[in-house]
Every structure is written in structure tokens, then in C-alpha cells.
1. Within the range 362-397, take every residue that is under 14 Å from Lys33 (Cβ atoms) and within 16 Å of ligand 2 (Cβ to nearest atom) and give me the one that is surrounded by the fewest Cβ atoms within 10 Å (Cβ to Cβ).
2. May I ask you to say which residue of Thr168, Thr201 is in contact (Cβ under 8 Å) with a residue 12 or more places away in the chain and in contact with a helix residue (DSSP H, G or I) (Cβ under 7 Å, 6 or more places away or on another chain)?
3. With a cut-off of at least 1 residues that are within 15 Å of ligand 1 (Cβ to nearest atom), name the helices (runs of 4 or more DSSP H) lying wholly within the range 164-236.
4. Going through Glu307, Glu279, Glu290 one at a time, which residue ends up being within 16 Å of ligand 2 (Cβ to nearest atom) and acidic (Asp, Glu)?
5. Closer than 21 Å to Pro374 by Cα, of a type in the set (Gly, Ala, Ser) and free of Cβ contacts under 8 Å to residues at least 40 places away in the same chain: is that true of Ser45 in this structure?
6. Determine whether the range 287-309 contains at least one residue that is surrounded by fewer than 17 Cβ atoms within 10 Å (Cβ to Cβ), within 10 Å of ligand 1 (Cβ to nearest atom) and touching a residue at least 40 places away in the same chain (Cβ under 8 Å).
7. Hey, any hits in the range 232-241 for a residue that's over 21 Å from Cys116 (Cα atoms), surrounded by fewer than 19 Cβ atoms within 10 Å (Cβ to Cβ) and of a type in the set (A, V, I, L, M, F, W, C)?
8. Write out, first by first residue and then by second, each pair whose Cβ atoms fall under 7 Å of each other, whose residues are 6+ apart or on separate chains, and whose first residue, in the range 217-228, is more than 7 Å from Ala291 (Cα to Cα) and within 12 Å of ligand 2 (Cβ to nearest atom) while the second is small (Gly, Ala, Ser) and outside any helix (DSSP H, G or I).
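The values are calculated or read from the model by the stated rules, or taken from the named source; none is laboratory data. Note that this is a predicted model, so its numbers are computed, not measured. When we count neighbours, we look across all protein chains shown, and the Cβ atoms used for this are built from the backbone with ideal geometry, even at glycine.
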Amino acid sequence: MSTAGKVSKEKKFTFDIFSHYTINKYKNVIKCKAAVLWDLKKPFSIEEVEVAPPKAYEVRIKMVATGICGSDDHVVNGHFVATLPAILGHEGAGIVESIGEGVTAVKPGDKVIPLCVPQCGECIICKHPEANNCVKMGLTNPRGTMQDGTTRFTCKGKPIYHFAHTSTFSEYTVVDEISVVKIDAAAPLEKVCLVGCALSTGYGSAVKVAKVTPGSTCAVIGLGGVGLSAVIGCKAAGAARIIGVDINKDKFAKAKELGATECINPQNFQKPIHEVLKEMTGGGVDFSFEAVGQIDTMLQALSCCHEAFGVSVIIGVPPSSENLSVNPMLLLTGRTWKGALFGGFKSKDSVPKLVADIMAKKIPLDLLITHALPFEKINEGFDLLHHGKSIRTVLKF
Ligand code: COD
Ligand code: ZN
């Protein structure tokens, strides 16, 4: 017992010295480049911004790479509400530059992934064994600030808002300690940045939310980075048949490479796609996924799963102003309708494990990355997304 007491005392001493050193050494404002979205439906402008030092329980990160996600684009086009002007981006990886007082989860030099879904570990949701949408997430009240209600970014004398607790479209960003997790020091950051959104969101929707079973039949509507990650998850869970659905046939080759057994384009059929899927599968699929972020595709996904035992998962965030209207009979016959953010994964617990699985080649993440660009070419990256040419573009700093 006395030994244990001594060890913990020594540890505390080391930590105090360390945190004092880092706080004083790095307590400076960093000027760096960031992509600022000043207005909806406008390109990003690369600006010099000031990034304030991290306050208590905050972490400043030097970004190394960030993916471009459909959700960032939904903010630009106004479907997903965020406070502007803002620094978007939520699929990044970087290295801790400095930490605020009291931070214990990470230290300068650690490789980390910022988390768009925080895990405070203390709220009723974090304490629930299955739930992941931490009360600190605040998706329906996007303030665009740190947890303390203020911002760490300024540009031309104006405050610039944060996005999704991460703001990865900046050479340096500040996040709350509950919104960042340390990953393996050997992890390739220009790849595992996708664990910050697409991979976790799609993969988890299959393995954790739907709990796809071996031998089952699945349909994935929308074959972008998120939908393809759901395809990866369905395959990993042992699905026998995975039907990819997209209006862009150029997505089919990659979907098949990742595990889709067949792919269909709704534009090639006279009938609604859910009826086509029901016919193809003798009454409906076991598991369906909506990864487009539209009301009509959510209804298609629900309708195409089997009426008595089908499970349908909403992955995409719909336009903020739109509501669903459904006939309850669709559910009364026995369907299950679910939805989850971030693949239902508790972010801090799951992200390091997913990175380990990627490094062990259990998850073919590389195949999702179709383009790499220097950070300054961010608008080109969004153009590739708009023209349906990319799955994931990774911007490198
Ligand atoms: N039918 C079939 N496919 C369609 C249709 C349609 N009617 N319309 C468009 N599509 C296809 C497009 O051709 C494209 O291939 C795909 O749908 C969409 O892909 P992307 O590349 O535009 O987008 P993704 O994959 O990066 O993301 C899409 C989501 C809707 C999933 C994303 O925007 C989203 O809402 N993510 C939030 C999910 C989440 O939990 N995030 C974590 C918290 S921040
Ligand atoms: Zn995303």
C-alpha cells in the first residue's frame, strides 16, 4: 500500500511540472492559414486567422490532414445549419501542439483525432451502455463555440465560429478535451483522418446500429464515403448479399471492390426503387441504410426492408427544415427504424480501436481515398465532390 501511495505522488509531481512547462511555453496566439466560410453558397477563402491558446480542459492541435465530407457541403449549401462565419471540417487528424490547464487525456506531441461527437463520460448518455450522442454534442443547437460558449478563432478582427467541435479546415484548431482522442503513434494521419467521420459513421451503422448478421441481405442507398463505409461494415459482419444503390453509376466499381455484390441505379427503373429491391430479394432486405441525407431516400430505405423483420438505419442528416411523414403500417407489421450519429460508436472508446483495425488491415480504408490535395486547394476538393468524381478527398497541410 505504501508503495502505491509513493508511485501516485511521484506521478502527480511529474504531471504538475509538465503541465506548467507546456502552458507557459506555448501560451501564445498562433497566426496560421484557415479556410473560412463567410457566407452560405460561397467558396471557402483561405485567410490568415489567429488561434488563441487552449483554456483549461482544451487542446490546441496542429492539423496534418482532413477529409472533405458531404456534411461540410450541406453546411455550405444551407441544408445543415451552422453559425457563420465559421471554420468547417470535422474529419481530421493531427498532433497536439499544446494543452490547457487540467488536461490529462493527451499531451503535446500525441497523434490525435478530433471528435465531432464528444464523449464527456459523465452524462446520462455517456453512462448508457449503448448510447453515444453525448449531451455536450448540441447538434440541435449549433452554437459554433467551445463548451464555454466562446470562440478561439479570429480573422480581420471578427470572431470566427467553430463547427462540429472540431473545425479541421485550419492549420491549427482548438478543441475541448472531451472532443479529442489519442491514437497510435504509428498511425498514418493522412489516412486515418477518415475515422473522424465517414468510416466510423458508415461502418458503425452496419456493425453496431443495425447489427448486421452473417448471411443476411443488405441495401445501402447512397455510395459516397459514408455509404461505402456502411458497405465495408456489412461485409465485415458477414452479409451474403449487399446491394448498392446510387444515381451515379461511377460509384459502382468502388462499391463492388469494397463488398457490394450488385449495384443498381434508380434512374434505370420505371418503378420506385424500394419496389425493385423488394422484388430482387423476395419481399425485402434484412438491413437497409440511407446515406444520402434526403427525406425521399429515407422512406425508400424504410420501405425496402422486409415488412416483418427488416431493420432500416438513417445515417444521413436531412435538410434542417424537412420532416418525414410515414404511414405507421410500415412499422406495425414489424419493421425496426433506427438512426444514429457517428455509427452509434462512443467516440473516445471506439476511435483508437478502429485505427488499430485499419492498421491491422482489417478495414480497407485506403480504398475510400480517391484524391489528395494541398489544403489551399480546398475549393477544388469540393468541386470534385459536387461533380461526383471523388469518394474522399484528403487535404494535406
Ligand atoms: N438515390 C441514391 N443515391 C443518391 C441519391 C438518390 N436519390 N441522391 C444522391 N445520391 C448519392 C450521390 O450520388 C452520392 O454518391 C451519395 O448519394 C452521397 O455521397 P456524398 O459523397 O455526397 O456524401 P457522404 O458519403 O460524404 O455523406 C453523406 C451523408 C448524407 C451521410 C452526410 O452528409 C451526413 O449527413 N453525415 C452525417 C452523419 C453523421 O453521423 N455524422 C457524424 C456527426 S458530425
Ligand atoms: Zn462527416
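1. Ile378
2. Thr201
3. Fully inside the range 164-236 and qualifying: 198-204, 225-236.
4. Values: Glu307 fails: within 16 Å of ligand 2 (Cβ to nearest atom); Glu279 fails: within 16 Å of ligand 2 (Cβ to nearest atom).
It is Glu290.
5. On the way: closer than 21 Å to Pro374 by Cα: yes; of a type in the set (Gly, Ala, Ser): yes; free of Cβ contacts under 8 Å to residues at least 40 places away in the same chain: yes.
Judged against the criteria, Ser45 is a match.
6. no
7. yes
8. Partner pairs satisfying both residue conditions: Gly224/Ala291.
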